[in-house]
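Down below is the structure, laid out as structure tokens.
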Amino acid sequence: MVAGSGFRSDTWSGATLDCLSRLTIVIPTIGRPEFLRRQVEYWKDSPVKVVILDGSNIKASDLDLPPNFTHLRSLDGFCARLLSAIGAVETEFVALLADDEFFLKSGLVNAINRMDSDDEVIGCVGRCLYFFVDQGRFLASHAYRDWKPFPSTARFPVNRLDLDLPPNKTHMAMYGVYRREKWVSMIRAAYSVQFSCGYVYERLLNLQRSILGRTEIIESLLWMRSKENPSIVNTEVRRTGGHDFVTWATSPEFNHEVCRYKGIALDLLRDSGFNDADAAGYLDRFFNGGVFRQKSKEQLANKSLKRKLGLILLRYSPRSLRLFCKRHVPARYLRFTGWEGHDLSKVISSLRDQGTHFNEPELWDIARLSLSLHERRGHGQLD
């Protein structure tokens, strides 16, 4: 069952934000101060506590942070920075957020209200929109509408693991709102060891989430996922050049890391009460099943002529052609190009049609902040 909420787009008021004083948002970042300043602008007048995990040499004084922000700077590595957040989070609820993305405050309120109403729910994810700015236009599209929920009957780890491990799949765990103690356990499980592949951490996070308890999908717009920037790839978080998940998992070069990784997963399963035989079976689904699913996904993508053509068009076509296509070509023909995006007014209409709860002024505020940043970037006004 997909859980809804009592929040409607026409019932929002500032007083509704009060419960957000019980929430901390953790934002890892490295070398993108203009997007941090956008976060400051968005959160500065809210009761939310924000912890910035900064892997660059930027000083807090350079960001003019308001009182509800904490700036933790460390060059010790991505995993170490995430673990350092544990000691900085004192609120009842916590959520992780990328530095160029947004949470809808109304969605956060609904997530907290949902957990307040049911002690068995350890966390909530919500509905998501992709967004980007192109040629001075803020464009958005729906994301992850195929996520599957845990039913209310999935009360035990065995039920949730069967639903979430290959060949099955539920919903993403990373960008949700969690009870603090559950979030701490997930972060420790996923980031205590640094690996040579940046795709392994979220898999451990999902595994521990499924072990710990039931998360729900609320029918509220919660997450705005940015397509403004490519994923950060550096020596701390490697994703390319032989560091994709399948290559990492199957290459003899990384065998010692793979053994360590599987050992962490096996310990999580055993610690949750599974005997050795059952834990080994779930480990096989988690690791070998995960490799098989990723291989199948990549093979399907490589066979797709549309996808290949789309990537070529996306990389080499003039911006004027991309803009023309986004405005005049039906969206179904643009999905394979990466160009798919709609005016915000059209997306707002579709959210209403789908019965998704949201606060419209928040969306326009996110559009304003994003357009302003990209205008400054275009005029070289960012330092």
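The values are calculated or read from the model by the stated rules, or taken from the named source; none is laboratory data. In this text, all values refer to a predicted model and were calculated from it rather than measured experimentally. Note that we place each Cβ from the backbone using ideal geometry, even for glycine, and neighbour counts take in every protein chain shown.
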Between residues in region 279-290 that are within 16 Å of I264 (Cβ to Cβ) and not assigned by TED's automatic domain parsing to the domain that holds L268 and residues that are in a helix (DSSP H, G or I) and hydrophobic (A, V, I, L, M, F, W, C), which pairs lie under 6 Å by C-beta distance while being six or more apart or on different chains?
-> none
Residues in region 249-293 that are assigned to a loop (DSSP other than H, G, I, E, B) and under 27 Å from the mean Cα position of the chain (by Cα) total 1
Return yes or no: is G87 in a helix (DSSP H, G or I) and either surrounded by fewer than 19 Cβ atoms within 10 Å (Cβ to Cβ) or not assigned by TED's automatic domain parsing to the domain that holds S220 (or both)?
-> yes
Of the candidates S192, S226, S231, the one satisfying the condition of being surrounded by fewer than 19 Cβ atoms within 10 Å (Cβ to Cβ), of a type in the set (G, A, S) and over 18 Å from the mean Cα position of the chain (by Cα) is S192
Determine if region 39-62 includes at least one residue that is in the same structural domain as V200 (by TED's automatic domain parsing), at positive phi and at pLDDT below 95.
-> no
What residue, among those in region 158-184 that are out of contact with any helix residue (DSSP H, G or I) (no Cβ under 6 Å at 6 or more places or on another chain) and hydroxyl-bearing (S, T, Y), is farthest from F102 (Cα to Cα)?
-> Y178
Residue list for region 339-371, filter: in a helix (DSSP H, G or I), farther than 16 Å from R145 by Cβ and touching a residue at least 24 places away in the same chain (Cβ under 8 Å) | L344, E360, P361, E362, L363, D365, I366, A367, L369, S370, L371
Taking first residues from region 63-90 that are more than 15 Å from S192 (Cβ to Cβ) and second residues anywhere that are assigned to a helix (DSSP H, G or I) and of a type in the set (S, T, Y), the pairs with Cβ under 7 Å that are 6 or more apart or on different chains are L72/S84; S74/S84
